[in-house]
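Read through the structure below, which is laid out as structure tokens, and then see the notes.
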Amino acid sequence: MLIGLNAVLFGGFDAETAFRCTAMAGYDAIELSALPGMAEHITFEGWRDEVPSLLKLSAEHGLPVSALEVANPDMGVLSKAFEMAGALGCPIVNIGSGGPADDESAWAATIENLARAADAAETAGILLCVKAHVGLAVHNTATSLRALAEIPNLHLDMDPSHVHRAGEDPVKALGEVANRIRHVHIRDCKGRQGPPGPPPLQANGRGDIDLVGYVRVLHEHGFDGPVNLEVIGARELDLLQCQTIAAESRGHMQASLQACGAR
């Protein structure tokens, strides 16, 4: 498994700082997010001009771009995202499904859009991964399995915090979808409330999720893709706070891999 960090944690700082701090914390890779207002190290408007400097930072710090996160599943956005990913040498684009949760009348339109996106990603040589996300059409294990059954070339971005907040045990749920997972967003969560909580409590080991067991099950199923820490809501934190979360979580991830014999 490739231990990485989603640069949204350093969304309040420039790209050089995000790469430098990610490397200093000992990560293997970095995930970039095109999330307006949250992480703008790469933007849809200026990405062609931004890619050369990002590739330079990637080489200087020894951090390949393992994934690109795009919240919006709109095809107009995703067509640019696939180009961006290709230019960065990045194999994965992560999205949410869109559509409302538990609304059967909207399900067909959501699936139709995801199927178009998966076909376009496949043509571009990109793996499109959808995440079960609280409040969206795909929001738990059951809806993940349903979407994956209907779209054979769609893959899963597994995030234990969302499954946990959907009322499930992420470790038990993992085995049901393991053969379709190509990316993992990992973070902890205290409680089962809507948002994942303040950034420090999203650090691995600070919450209620059995992330050691979660990594063990990933290893048992032969998962060898990116596992990227995704801590949101940190844009107003100072650099020391962000770096503490990054370093603490990386240590937990490394220990989890060692505990199950994956490293």
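Where a number appears in this text, it was derived from the coordinates with a stated rule and is not lab data. As the structure is a prediction and not an experimental result, all values here were calculated from the model. Every residue, glycine among them, receives a Cβ derived from its backbone with ideal geometry; neighbour counts consider all protein chains shown.
Placing pseudo-labels 7 Å out from each Cα toward the beta carbon at ALA142 and GLU220 gives an inter-label distance of 2.4 nm.
Residues of region 117-139 falling in the label zone of PHE44, defined by backbone nitrogen less than 15 Å from a point 7 Å along Cα to beta-carbon, are 117. Across region 176-186, coupling constants 3J(HN,Hα) worked out from phi with the 6.51/-1.76/1.60 Karplus curve, θ = phi - 60°, read 6, 10, 4, 6, 10, 7, 10, 8, 10, 9, 10 Hz, and Gly and Pro carry x.
Could you compute the net charge surrounding GLU122? Neighbours are other residues with a C-beta less than 15 Å from the C-beta of GLU122; K and R count +1, D and E count -1. Charge balance in the 15 Å sphere: +1. Using 0.36 nm per residue and subtracting the Cα-Cα separation, the extra length available between ALA120 and LEU2 on full extension is 39.9 nm.
Using a simple spin-label model with pseudo-atoms 7 Å out from Cα toward Cβ, GLU16 and ARG263 lie 2.8 nm apart.
Normalising the average separation of contacting C-alpha pairs (under 8 angstrom, six or more residues apart) by the number of residues puts the relative contact order of region 27-84 at 45 percent. If you bin all the Cα-Cα distances of region 2-259 at 5 Å, starting from zero, the percentages per bin are 1, 7, 14, 19, 21, 18, 13, 6, 1, 0. Sequence-distant contacts, meaning Cα pairs under 8 Å at least 6 residues apart, place the relative contact order of the chain at 20 percent.
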